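Chemist: Following this message is one structure expressed as structure tokens.
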Amino acid sequence: MIRFQGVTKLYPNSARPALEDASVEIEKGEFVFLVGQSGSGKSTFLRLVLKEEKPTKGQIWVAGKELSRLSHWKIPALRRQIGTVFQDFRLLPNKTVHENVAFALEVIGKPRHTIAKVVPEVLDLVGLAGKEDRMPDELSGGEQQRVAIARAFVNRPMILIADEPTGNLDPSTSVGIMRLLDRINRTGTTVVMATHDSHIVDSMRRRVIELEHGHVTRDQSRGVYGYAR
Amino acid sequence: MRVRFVLSEMSIGLRRNLSMVLAVVLTAAISLSLLAAALVLSKQIQTMKDYWFDRIQVSVFLTKAVTDPERNAIRDELIQLPQVEHVYYESQSQAFARFKEQFKDVPSLVKNTPETALPESYRVKLKDPKKYEIVASAVQHMPGVDQVQGKSKPLEQFFRFLGYGQKIALAVALVALAAAVLLIFNTVRLAAFSRRRETGIMRLVGASDLYIQAPFILEGALAGFLGSLLAVGGLVLTKAFIIDRGIHGMFGNVVNYVSWGAVASIIPIILLTGVLLASITSAVTLQRYLRV
């Protein structure tokens with residue numbers, strides 16, 4: 001589903017590559033934690049998957065496509081197969097919960113009757129049934145992140161990318177979010193989650209890829225956050 | 001493409017940016033009005049100059065009773081003069097056809113003029129326009145010549161004066177259009193910045209460039225269109241009140257005034273310039289500030 005082969009990313013004006021000679025293969029339906037300190041290359045990894053950045057060297061395949069051969073106008077089609085969730089939720093403050101999720105479908109031209117059908121379904125899935133008409137600032141952090149996950153998942157992407165989705169949440173709320181991501185993973189969606197949270201990684205016992213200064217230093221199935229903890 | 005969605009995004013943008021959009025509309029209106037003024041002046045000059053004005057320097061009108069040998073003698077005399085570059089012959093029917101064309105907007109004048117009222121003539125192009133006197137004196141007293149006419153000095157000066165007016169209007173129009181372009185550039189940049197949250201999400205969920213950019217481009221195009229509508233309104237009012245009632249009312253039919261047909265031909269130019277200028281500027285701005 002995602003394959004990195006000898007990928008190096010050097011940002012301009014930067015002495016050290018953000019990612020160096022990284023080779024990783026993630027199968028369809030896997031749940032993968034991407035761990036490592038700030039600046040270890042986790043975000044660069046995720047941005048490369050979305051083709052928000054181009055690798056300096058190496059090749060990347062996402063959903064069967066080699067990204068460097070993907071022309072500019074096909075990038076939207078790629079991103080429709082990838083749902084994305086961030087630490088800071090990125091909801092539109094002037095739209096209701098329902099409108100926020102519907103927005104993701106409207107802007108890719110989905111017909112109105114489809115939107116009216118699938119948005120309530122996905123809100124039900126993330127546990128927000130009955131809160132469709134709330135504004136984001138009326139919700140707790142955990143609920144806001146559920147809206148963001150609903151928006152990322154409403155188009156049933158093959159891949160869900162989550163960049164520190166629990167970074168702004170307290171531990172008990174984080175557990176709820178993790179359960180939700182786990183449930184999404186069980187529908188067959190590949191989940192790649194970058195995180196700092198050792199408790200979550202240790203408790204989930206899923207594949208762990210550790211990055212350090214841009215190098216893949218560990219790739220372990222059923223791993224924990226770190227040996228030294 | 002969900003038209004309703006794009007339109008609602010556009011109207012949100014317009015409301016958020018109302019003062020800037022108004023500034024764009026007004027600047028576009030002013031610059032396009034000046035452009036319209038320049039075009040009207042050039043049409044006016046065209047209307048007033050007859051067919052021969054820019055082509056020849058001397059007209060030799062023949063009498064009604066001119067005979068064939070006389071006509072040939074005059075032509076031969078003109079052709080052999082070293083100052084002459086070319087001699088055109090205009091028959092009565094050709095003269096009448098050009099007269100009808102020039103005054104097609106004043107049908108009463110055409111109706112009351114018989115074809116025979118217009119003399120046949122030789123129209124002479126000189127190598128050096130200043131040598132008019134030599135040519136005139138050579139043929140002036142030949143039999144069959146009614147009248148020799150050089151270019152009218154006051155008329156020439158008047159046209160030059162109008163020409164300057166036209167050039168100045170065009171120059172100011174270009175400067176004002178440049179101001180409008182810069183203003184549109186800034187407005188669209190501001191609009192893109194104030195909606196970066198939305199466009200960021202749109203990019204992320206895989207909206208196409210067209211979907212992301214269409215509301216901004218439409219916003220610019222609408223502002224340009226409103227500006228050009230104002231300019232067209234000004235143009236129509238100018239024709240109806242200043243030209244037809246004001247100048248025409250004061251001076252009467254001394255010259256031929258720019259017609260409604262000519263004014264109508266300017267309108268699409270103004271509308272198209274306004275809309276295209278605004279949408280192209282918006283699109284170029286977005287290429288720089290809204291990369292996918």
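Chemist: Determine, yes or no, whether B:Ala262 is within 14 Å of chain A (Cβ to nearest Cβ), more than 15 Å from B:Thr187 (Cα to Cα) and crowded, with 17+ Cβ neighbours inside 10 Å. Write out each step before concluding.
Modeler: Numbers: within 14 Å of chain A (Cβ to nearest Cβ): no; more than 15 Å from B:Thr187 (Cα to Cα): yes; crowded, with 17+ Cβ neighbours inside 10 Å: yes.
In short, no.
Chemist: Let me ask you something else. Could you say whether any residue in region A:122-134 is in contact with a helix residue (DSSP H, G or I) (Cβ under 8 Å, 6 or more places away or on another chain) and within 14 Å of chain B (Cβ to nearest Cβ)?
Modeler: Yes - at least one qualifying residue is present in region A:122-134.
Chemist: Now for a different question. I'm told A:Thr56 meets every condition in (1) among the polar types (S, T, N, Q); (2) touching a residue at least 12 places away in the same chain (Cβ under 8 Å); (3) within 14 Å of another protein chain (Cβ to nearest Cβ) except one. Can you identify the failing condition by its number?
Modeler: (3)
Chemist: Please state which of the following conditions A:Ile75 fails to meet, knowing it meets all the rest: (1) assigned to a helix (DSSP H, G or I); (2) of a type in the set (A, V, I, L, M, F, W, C); (3) in contact (Cβ under 8 Å) with a residue 40 or more places away in the chain.
Modeler: (3)
Chemist: Another question about this same structure. In this structure, does A:Phe153 turn out to be under 22 Å from A:Leu181 (Cβ atoms), among the aromatic types (Phe, Trp, Tyr) and modelled with pLDDT under 95?
Modeler: no
Chemist: Shifting gears a bit: Being under 22 Å from B:Arg16 (Cα atoms) and within 14 Å of chain A (Cβ to nearest Cβ), is that true of even one residue in region B:220-242?
Modeler: The answer is no; no qualifying residue exists.
Chemist: Given the residues B:Leu14, B:Leu18, B:Leu22, B:Leu41, which is the only one that is closer than 30 Å to B:Ser282 by Cα and within 30 Å of the chain's Cα centre (by Cα)? Step through it out loud before you land on a result.
Modeler: Numbers: B:Leu14 fails: within 30 Å of the chain's Cα centre (by Cα); B:Leu18 fails: within 30 Å of the chain's Cα centre (by Cα); B:Leu41 fails: closer than 30 Å to B:Ser282 by Cα.
Among B:Leu14, B:Leu18, B:Leu22, B:Leu41, only B:Leu22 is closer than 30 Å to B:Ser282 by Cα and within 30 Å of the chain's Cα centre (by Cα).
So that you can scan it fast, the table gives a plain yes or no per residue for (1) in contact with a Lys or Arg (Cβ under 9 Å, 6 or more places away or on another chain); (2) not β-branched (Val, Ile, Thr):
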position	(1), (2)
B:Phe53	yes, yes
B:Thr67	no, no
B:Gln80	no, yes
B:Ala95	no, yes
B:Met142	no, yes
B:Val148	no, no
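Chemist: Further, regarding this structure: Residues to consider are B:Ser91, B:Ser8; find the one that is within 14 Å of chain A (Cβ to nearest Cβ), free of Cβ contacts under 8 Å to residues at least 60 places away in the same chain and of a type in the set (Ser, Thr, Tyr).
Modeler: Among B:Ser91, B:Ser8, only B:Ser8 is within 14 Å of chain A (Cβ to nearest Cβ), free of Cβ contacts under 8 Å to residues at least 60 places away in the same chain and of a type in the set (Ser, Thr, Tyr).
Chemist: Another one. Out of A:Asn185, A:Asn155, I need the residue that is out of contact with any helix residue (DSSP H, G or I) (no Cβ under 8 Å at 6 or more places or on another chain) and within 25 Å of A:Glu25 (Cα to Cα). Which one? Lay out the reasoning, then the answer.
Modeler: Details: A:Asn155 fails: out of contact with any helix residue (DSSP H, G or I) (no Cβ under 8 Å at 6 or more places or on another chain).
Selected residue: A:Asn185, the only one of A:Asn185, A:Asn155 that is out of contact with any helix residue (DSSP H, G or I) (no Cβ under 8 Å at 6 or more places or on another chain) and within 25 Å of A:Glu25 (Cα to Cα).
Chemist: Which of the numbered conditions does B:Arg123 fail, given that it passes all the others? Conditions: (1) surrounded by 17 or more Cβ atoms within 10 Å (Cβ to Cβ); (2) assigned to a loop (DSSP other than H, G, I, E, B).
Modeler: (2)
Chemist: Take region A:155-179 and flag every residue that is part of a loop (DSSP other than H, G, I, E, B), in contact (Cβ under 8 Å) with a residue 60 or more places away in the chain and within 14 Å of chain B (Cβ to nearest Cβ).
Modeler: Within region A:155-179, A:Asn155, A:Pro157, A:Met158 meet the criteria.
This table checks each residue for (1) closer than 22 Å to B:Gln287 by Cα; (2) modelled with pLDDT of 90 or more; (3) within 12 Å of chain B (Cβ to nearest Cβ); (4) more than 20 Å from the chain's Cα centre (by Cα).
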| residue | (1), (2), (3), (4) |
| --- | --- |
| A:Leu46 | no, yes, yes, no |
| A:Leu50 | yes, yes, yes, no |
| A:Ile60 | no, yes, no, no |
| A:Glu66 | no, yes, no, no |
| A:Trp73 | yes, no, yes, yes |
| A:Ala77 | yes, yes, yes, no |
| A:Gly83 | no, yes, yes, no |
| A:Pro93 | no, yes, yes, yes |
| A:Ala102 | no, yes, yes, no |
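Chemist: Sticking with this structure for a sec: Take the residues of region A:1-44 that are among the basic types (Lys, Arg) and under 18 Å from the mean Cα position of the chain (by Cα): which is surrounded by the fewest Cβ atoms within 10 Å (Cβ to Cβ)? Break it down stepwise before answering.
Modeler: Taking region A:1-44 first, the residues among the basic types (Lys, Arg) are A:3, A:9, A:16, A:28, A:42.
Next cut, under 18 Å from the mean Cα position of the chain (by Cα) only: A:3, A:28, A:42.
Details: A:Arg3: 16, A:Lys28: 12, A:Lys42: 26.
Residue satisfying both the conditions and the ranking: A:Lys28.
Chemist: Let me ask something else. Could you check region B:169-214 and list, in sequence order, the residues that are closer than 23 Å to A:Glu52 by Cα, away from chain A (no Cβ under 14 Å) and crowded, with 17+ Cβ neighbours inside 10 Å?
Modeler: Passing the criteria: B:Arg189, B:Ala191, B:Ala192.
Chemist: Kindly indicate the residue of region B:139-160 that is among the aliphatic types (A, V, I, L, M) and closer than 10 Å to B:Val60 by Cβ and also nearest to the chain's Cα centre (by Cα) among those meeting that condition.
Modeler: B:Val148
Chemist: Also, quick follow-up: Only one of B:Ser194, B:Ser108, B:Ser121 is among the hydroxyl-bearing types (Ser, Thr, Tyr) and free of Cβ contacts under 8 Å to residues at least 40 places away in the same chain. Can you tell me which?
Modeler: B:Ser108
The values are calculated or read from the model by the stated rules, or taken from the named source; none is laboratory data. If you're wondering where the values come from, they're calculated on a predicted model, not measured in any experiment. Using ideal geometry, Cβ is built from the backbone for each residue, glycine included, and neighbour counts are taken over all protein chains shown.
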